[in-house]
Amino acid sequence: MAAKKILMLVGDFVEDYEVMVPFQMLLMVGHEVHAVCPGKKAGDKVATAVHDFEGHQTYSEKPGHNFGLNADFEAVKPEDYDALVIPGGRAPEYIRLDPKVIDIVRKMAAANKPIAAICHGQQVLVAAGVTKGRTCMAYPAVQPDIEGSGCAYVGPNATFSNAVVDGNLVTAPAWPAHPEWMRKFLQVLGSTINP
């Protein structure tokens, strides 16, 4: 398997599991992952939040860990990366307002590079205008955004454990889908894991 160079777009209050687990999984299988945040540099940190499903009308939110960034946002050139990952949480709601974030997503989508988004990460895809005519999963609260963009929304199953592939796009509803989401993303990347 040839190692890929993967860009991860994050921001403060990104969902803890949705940034840390994929970051570590992708490193574990030999890929290089650059985690960046608008307005921050390598060595800076973003705060994370833990979202849990405890029987309320929506998820609960608790403080997570600090997640260390390992690359400078301002230095990002989309052509230098093989793929993109956009975790969920509250960060997508505001990082999608950054013109450079939108430019990165549009360029990577136009180049048909693999893009993995989970939970609320699809808000960034919608803002970049790359979901029209596609099929996506997302956290249910993002369904109106998905459908309003001309994208077919696939609702999550009862355990939120599934993921959908549409060409280069791999989406999932929340962190319980990590095993299927990352497995499908690795397949789209052309990665193999030997037993």
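Shape call for the range 1-51 from the C-alpha gyration tensor, a ≥ b ≥ c root eigenvalues: rounded (a/c under 1.5), prolate (a/b greater than b/c) or oblate? Because a/c hits 1.5 or more and a/b fails to exceed b/c, the range 1-51 counts as oblate. Taking amide hydrogens as placed 1.01 Å from N in the peptide plane, the amide H of Gly64 sits under 5 Å from those of Thr48, Ala49, Val50, each at least 5 positions away in sequence or on another chain. Dipole magnitude for the chain: computed about the Cα centre from +1 point charges on Lys and Arg Cβ and -1 point charges on Asp and Glu Cβ, it is near 440 debye.
Measuring between their Cα centroids, the range 119-164 and the range 1-50 lie 21 Å from each other. Taking amide hydrogens as placed 1.01 Å from N in the peptide plane, the amide H of Val33 sits under 5 Å from those of Ile6, each at least 5 positions away in sequence or on another chain. Straight-line reach from Lys113: taking Cα to Cα under 30 Å and skipping same-chain neighbours fewer than 8 places apart, the lysines in range are Lys4, Lys5, Lys40, Lys41, Lys45, Lys77, Lys100, Lys132, Lys184. The alpha carbons of the chain stretch over 40, 40, 34 Å along the principal axes, in descending order.
Among Met182, Met28, Met108, the largest mean-square fluctuation in a Gaussian network model of the chain, built with springs joining Cα atoms closer than 10 Å, belongs to Met28. Of the residues Tyr59, Ala152, Ser191, the one whose Cα sits farthest towards the positive end of the charge dipole of the chain is Ser191 (charges of +1 on Lys and Arg Cβ, -1 on Asp and Glu Cβ, taken about the Cα centre).
Take Ile6, Ile193 and order them by how many other Cβ atoms sit within 10 Å, fewest up front.
Starting with the residue having the fewest Cβ neighbours, the order is Ile193, Ile6.
Restricting to Cα pairs below 8 Å that are 6+ residues apart, what does the relative contact order work out to for the range 5-189? Please round to a whole percent.
On the way: 434 pairs, mean separation 35.3, N = 185.
Relative contact order, the range 5-189: 19 percent.
Semi-axes of the equivalent ellipsoid of the range 34-105 are 26, 14, 10 Å, computed as sqrt(5λ) over the eigenvalues of the C-alpha gyration tensor in descending order. Computed from backbone phi with θ = phi - 60° and the Karplus coefficients 6.51, -1.76 and 1.60, the 3J(HN,Hα) list for the range 89-98 is x, 8, 4, x, 4, 10, 5, 5, 7, 7 Hz; x is used for glycine and proline.
Within the same chain, aspartates and glutamates fewer than 8 places from Lys62 are excluded, and of the rest, those with a Cα less than 20 Å from its Cα are Asp12, Glu15, Asp16, Glu18, Asp52, Glu54, Glu93. Taken one residue at a time, the phi angles of the range 60-65 give Karplus couplings (6.51, -1.76, 1.60, θ = phi - 60°) of 8, 10, 10, x, x, 9 Hz. Gly and Pro are set to x.
Counting every other Cβ atom within 10 Å of each residue's Cβ, Glu74, Glu79, Glu32 order from fewest to most as Glu79, Glu74, Glu32.
Read-outs throughout are calculated quantities, based only on the coordinates presented, and are distinct from any laboratory measurement. All values derive from a computational prediction rather than experimental measurement. When we count neighbours, we look across all protein chains shown, and the Cβ atoms used for this are built from the backbone with ideal geometry, even at glycine.
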